[in-house]
Each structure stands twice: as C-alpha cells, then as structure tokens.
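Trainee: Pasting a structure here, questions to come.
The values are calculated or read from the model by the stated rules, or taken from the named source; none is laboratory data. Given the structure is predicted, the values throughout are model-derived calculations rather than measurements. Note that each Cβ is placed from the backbone with ideal geometry, even for glycine, and that neighbours are counted across all protein chains shown. For the accessible areas, the whole protein counts, side chains as well, though only heavy atoms, and no ligand, DNA or RNA atoms are used. Shrake-Rupley method; radii C 1.70, N 1.55, O 1.52, S 1.80 Å.
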Amino acid sequence: MSCARWLASLAVGLVTTTVAAEPLPIRDLFQPRARQQLTVSPDGTYVTHVAVDQSGYRIVITDREYPDYPRIREVGSYAPRYLQWVDDGTLTFEAGGALFAAGQRSSLPSTLLENLYVDDGELNSMSEFKRSMRYWSIPAPLRDQSDQIVVTGYNAKGYSSVYSLDTESGEPVEIENGKREKIDRWLVDRTGSPRMAVRIDKDRATYLIRHPETQRWIEHDEWQSDGAIKLNYDGRSYLQRRVLVMGYGYDANTLYIAERITGDRFRLVHYDPITGELVRVLHEDPGYDVAGNDFTPSTLIWDDANEQLAGITYLGEHWQTVWFDQDLTEYQSRLAAARPHEAVHVTAFSDDRQVLLAVANDPQGRSQALIYYPEDDQIDVLADFHETLREQDTPDRERLQYTARDGTEIEAYLTLPTGVSRAEARDLPLIVQPHGGPWIRSTPLLDPESAYFASRGYAVLDMNFRGSTGYGLEHLTAWFGEFAARMIDDIADGAHWAIDVGIADADRVFVMGWSYGGYAALMSGIRYPDLYKAVVSGAAPVDIGLQIKGYRREDNYLAYELWRELLGDPRREKEALQAISPLFQLERLTTPTLLFHGDADNIVPVEHAKRYEKRMRELKREPNVRILRDEGHGFSYRNNRKYFLAASLRHFEATNKEQ
C-alpha cells in the first residue's frame, strides 16, 4: 500500500491516526541478520561479532585499541557457530561442518578440518561420497593447552567420535571412538573430558555414562536406582520429558540440567550424575521455563578463568540473564539502569571482567551489541544489527496478555501501525499471525512480517497459544486430543479480544501463517468462517496423515512416533486424521484463501499444496495456489519473499475494499 493510499484511508476512517509514516522497505526489513554471537578474547584485547549480507557471513574482529579498523574474516554462505578463543590471538569456529581458525594476519580463516574426509583419496560414487562425509563441532576449548581444542566429528551414519585437535598442525588425535556404541552425540566437560554420550536407536535416545570404577560406558538410567533421575526418552515421551541435559561443568560430578520433576516449569539445577542427586536449584521463574533448549531458548555462560558457571541467558518476558556471581550481577544492573527503555543482557566477558559484551533490544525489537567497561562505567556500541531500520519509524512491538474462553492467560505481541499508540488504536484492520512449529514461541524481537504490515496500516497480533513452548508443561500439552480445536480457539480468542477492546474492526480481521501457522490459518478459516475475512497460508501440512507417513519414509522415527502418539496412526486411524486435516474440510472453507508452497520443501512436501489444489478444483472453486520455485520450507530468495508479502497485502486489501 502506498503512502498516498494509506493517507487517503484516514479520511474514510480505516485507520484512526493523524500521522502517517512511510511503509518500511522490504530490503531493510528482511536484510540477512547474523545471530548475535559476541565473543571477547581472554585478555580482553579483541571483541568479535558475526555479520552477514547478500554476499555471505563474515566474522568481524575488533582490536579495542583501534576500533575504527576492524579485521574482517570472510566465511562464506554457511553461518559460523561455536566461536571459541583458543588463546588471546586465535579464534576457532565451525561453518558448514568444517572447522576454521581466524588469526590476525590473513583475511581468510585457515581450515583446520574439512567437512569432507577421504580415506582413499578418490570418490567413485555418491554412496562413497556420503560415507566419506565428516561434520565437526567444538564442544570445549582447552584453556591450559593454548594450541589445543576438543572437537567432535560425525560420519555419514551419524556416529560421533571425540578428538583433540592441534590448531597449529591441524592434526586430530582420537580420544573416544563412537562407532562401537553407535554414539550420536557426546557431552564434554569444560576441561575437555568426555563425560556422557547419547545413542539414538530409531526413536529412542539413551544416555551413557562412564562407570567411575571400570571406566566402561554404561546406561545412566539402568545404573541409577529406581527413584533417581531418568534421562532417556523416546518419540512418545518427547514433549512430556521432565529432565533435559544442558551441559557439564568442570568435573564428572557437575552436570547442569533443566528439571520439572515436581513442578510445571523447567528450572536450572546442578545434578550429580555419579550419585544421582540434585545438588541445588540455581534458578527458577514462576512464569517461564528457564532452561532446556528443546523447549525454550537458553544459554549457559561460563567463567573459565575461575572454573564456574557464571549465569544463564533465557527468554522470559524478554531476553534476560541471571548471574550467579555478585560482581556480574552488579554490572548487569548498571547496564539496565543506563538504558532503562531497553532489555539489556550481558553475553560474554574477559577473564579479568573489565570488558563485557552485551545485547540491547529496544521496544521495536531492534538489537545492538554493546561493549561495557565496568571500571569507567562506559558503554560503547560494537555493532547495530538493525542499523537501516534505526533511521526509520519502526512500529513498537508490545507484549500483552489476553484471557482465553476458559480463563487461561495467553501471552501475545501486538504491533500497531507506525505512530499509533494503544490509546489511539481504534477499528484497525487486524492480521492474526499464529507462529509455526507449533513447538516454538513468538518473541519480543523484531518480527519483519509484522513490521511490514504494520507500517502499511495494519495491526498485527501474534500469540503464544497453548502448544507453544516456554510456559511450562501444562501450557505445552493442554491441546492433547484437541489439535484442531484448542489451539485454533486460543488464536480466535486473541482476535475477539482485539475486537472487544476496540483495536480491531470486526469486519476486517484476517489470519495468516507459515508451516504450522499455515495449517492454523486454514483451520481458523474453516472453524471460524464469520470471524476471518481472508486467509493466507504458507507451507501448510493440509493432510496430516500424509505428513506423518512422510516421517517414516524418511527414517525420522522420533518425529513419526511423536506425531503418531499425539494425533493417531495413519494406518489405523485414517478417519481421525482426516477430521483434523484441512484437505478434508475444504467444503467448509468459504473465506477467500491464498496458499503458498515452495517446490523444494523437504519438511512439508509440495504434494500437500498439489492435493489442496486438486481438491479445490473438484469443488469447482478457484484454488489460488502459488508455488514458489526453488524455495524450501522458508525463504531463500528475496524476490520470492517480496512476492509473498505483496500478494498477501493485495489479498487483504481486496477484502478491505469489499467491506
């Protein structure tokens, strides 16, 4: 929608505000953005962050003495991960399964270990190629051996081994071989010692621990007494797990876990896997899961210089860090006081704690990386992850709660048109935007889609309906047995709330989503035909039976057993699965609908969209299906994203005109 048309809409009462901002450009909203991987060298001389643009990723290394002359290390198309300082001048990281070291002289990182390992020096077939692949990661540095790091490597069959790697010679030395026990993943403590292993057999994950006397690898759960904590899980118990392993500390007796054995929400706990005892609770939050990356984003922060766990960063009301150290708690408080209108959390610090790195998120969800000097109480900006948007009027993203029909409080985020406050918001066109997953959650950070539509005159509401992660076991599992009802009702209750408080115009409420959100958008249109005036659905599993059977064909047994347990067996409960599949309810979908799907989607295959189109034609209705060439489950190409947004906007505006 152009600015002129947006202004014209004010005169007829479509949007009640006296100030119109320019619509935010797609090129600024959807610029590639790196994850905020901030690191500082042990002596505090160098600070780093990851940057990205259309040409690829790069690591920016800044000497604090010469901040205007950062050193750029080009990485390429793969996102760098596991950034670790080996010493005061060498940074190691993983990208695309290969390991690299970035020093101070070359603009290109040196390769430590390739992601392709060939025994015979020649590849004659695709099967040989697959057998030769190795994927590497860095679980821990060896701070007392400055030229050594511990790495784990995967082969094509998924077995993982542990190595010590000399960063000068690039020579790996095997510490543990995972082939015998068919190990999928290792847990290494902060000193580099392998302490626990995970074996996955089809849909079952089994934790192994080294026997303290025999030194042999044995099953943790069988070794512990009947009343002790159990770590194993399978597809059927995946969502209802009571314990999640976070990571080892500095010895065999210190394992940090997320635990909800007696409560509803995960809390961070020090657990002794040798004795089977819970040593102490480190942190719990009455409203949110604190730890456990399968269910809520969280990161343990280590103080290697003092060999202790320093804190944890997790997503609660906002991104926040809880410290277990008095000095770091004080520094965090100072930062919060200096930037009171932002959510600021420290993510890394030098060994002497005189150089701290932090991330600040403003009310619009925009992020900056900061350097903080406690001795001088000084804050410098290291990087601005939304620099182009900071120069423009970006809509606020407000956290709120509404009450579902059964009294349950649902957390949501409301994005209003730029320049419109909650007090001024009246009778706006509303886009309800359920998130994907469904086992993820919407966050306070900038949502580009919401900002795109809000800057064009729409209010956007995205909610963490029941089934979303981060709010405890009851919230996560409340939909069991009501897949096409409870979550869809929670979403509708959000739309009704916006209407009831006067924010939304009841005649201009729309719903859109991607992946599970696309499924929810279709089912919302089917279940609430009088509420929603238009539907946009992307990458939606329209046939639940087809989706579940696909997991089995792909040997994804954990996903197959999980969905079969929750929704039904596609071989024995065909009718039940059809009852929750949009494909078999399309005669009830009378709301104007636009459907998108990538032809290269390997998570929800494009066959879903083809079946949808075929069924709509059988019903003598226009399918309005848009197949996006070369796209997978998300957007890889800017032009496709631009087309999706523009077509969705036209779809909503066409309905707007009809009202």
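Trainee: Cβ contacts < 6 Å: first residue under 13 Å from A498 (Cα atoms), restricted to segment 399-418; second residue among the basic types (K, R), any location; separation 6+ or different chain. Result?
Mentor: Cβ pairs passing all conditions: Y413/R397; Y413/R399; T415/R397.
Trainee: Output yes when any residue across segment 439-451 is surrounded by 24 or more Cβ atoms within 10 Å (Cβ to Cβ), in contact (Cβ under 8 Å) with a residue 40 or more places away in the chain and hydroxyl-bearing (S, T, Y), and no when none is.
Mentor: Scanning segment 439-451, I find at least one residue that is surrounded by 24 or more Cβ atoms within 10 Å (Cβ to Cβ), in contact (Cβ under 8 Å) with a residue 40 or more places away in the chain and hydroxyl-bearing (S, T, Y), so the answer is yes.
Trainee: Looking at the structure I just gave you, is E342 touching a residue at least 12 places away in the same chain (Cβ under 8 Å) and either surrounded by fewer than 21 Cβ atoms within 10 Å (Cβ to Cβ) or within 16 Å of H283 (Cβ to Cβ) (or both)?
Mentor: Yes.
Trainee: Taking only segment 205-240 into account, find how many residues are closer than 28 Å to L476 by Cα, in contact (Cβ under 8 Å) with a residue 60 or more places away in the chain and open to solvent by 60 Å² or more (accessible area, probe 1.4 Å).
Mentor: Adding up the residues that qualify gives 2.
Trainee: What are the residues in segment 513-539 that are open to solvent by 10 Å² or more (accessible area, probe 1.4 Å) and in contact with a Lys or Arg (Cβ under 9 Å, 6 or more places away or on another chain), if any?
Mentor: Hits for segment 513-539 are R527, P529, K533.
Trainee: Next question. Among the candidates P67, P42, which residue alone is under 29 Å from the mean Cα position of the chain (by Cα), modelled with pLDDT of 85 or more and outside any strand (DSSP E or B)?
Mentor: P42
Trainee: Within segment 365-402, how many residues are farther than 24 Å from P70 by Cα and within 26 Å of the chain's Cα centre (by Cα)?
Mentor: The number of residues fulfilling the criteria is 10.
Trainee: Pairs, please: C-beta under 8 Å, at least 6 apart or cross-chain, first residue touching a residue at least 40 places away in the same chain (Cβ under 8 Å) and on the phi > 0 side of the Ramachandran plot and in segment 185-196, second assigned to a loop (DSSP other than H, G, I, E, B) and surrounded by fewer than 22 Cβ atoms within 10 Å (Cβ to Cβ)?
Mentor: Listed pairs, sorted by first residue: G192/L142.
Trainee: In addition: Within segment 536-579, take every residue that is part of a helix (DSSP H, G or I) and among the small types (G, A, S) and give me the one that is modelled with the lowest pLDDT.
Mentor: Per the stated criteria, the residue is A559.
Trainee: Follow-up. Does at least one position in segment 171-178 carry a residue that is without any contact (Cβ under 8 Å) to a residue 60 or more places away in the chain, more than 16 Å from W136 (Cβ to Cβ) and open to solvent by 60 Å² or more (accessible area, probe 1.4 Å)?
Mentor: No, segment 171-178 contains no residue that is without any contact (Cβ under 8 Å) to a residue 60 or more places away in the chain, more than 16 Å from W136 (Cβ to Cβ) and open to solvent by 60 Å² or more (accessible area, probe 1.4 Å).
Trainee: Residues of segment 193-204 being buried (at least 20 other Cβ atoms within 10 Å of the Cβ) and more than 19 Å from V243 (Cβ to Cβ), which ones?
Mentor: Within segment 193-204, P194 is the sole residue that qualifies.
Trainee: It is to be established whether one or more residues within segment 432-445 are more than 23 Å from S648 (Cα to Cα) and in contact with a helix residue (DSSP H, G or I) (Cβ under 8 Å, 6 or more places away or on another chain).
Mentor: Yes, segment 432-445 contains a residue that is more than 23 Å from S648 (Cα to Cα) and in contact with a helix residue (DSSP H, G or I) (Cβ under 8 Å, 6 or more places away or on another chain).
Trainee: Tell me which residues, restricted to segment 607-633, are without any contact (Cβ under 8 Å) to a residue 60 or more places away in the chain, surrounded by fewer than 19 Cβ atoms within 10 Å (Cβ to Cβ) and in a loop (DSSP other than H, G, I, E, B).
Mentor: L619, K620, R621, E622, P623, N624, R629, D630, G632
Trainee: Of all residues being at pLDDT below 90 and under 27 Å from T477 (Cα atoms) in segment 271-298, which is surrounded by the most Cβ atoms within 10 Å (Cβ to Cβ)? Just the residue, please.
Mentor: Ranking the qualifying residues of segment 271-298, first place goes to A291.
Trainee: Let me ask another. Restricting the search to segment 467-494, which residues are touching a helix residue (DSSP H, G or I) at 6+ places or on another chain (Cβ under 8 Å) and at pLDDT below 95?
Mentor: Scanning segment 467-494 gives G467, S468, T469, A478, W479, F480, F483, A484, A485, M487.
Trainee: A further question follows. Tell me, which strands (runs of 3 or more DSSP E) wholly within segment 365-434 include 2 or more residues that are surrounded by fewer than 18 Cβ atoms within 10 Å (Cβ to Cβ)?
Mentor: Output list reads 378-384, 397-403.
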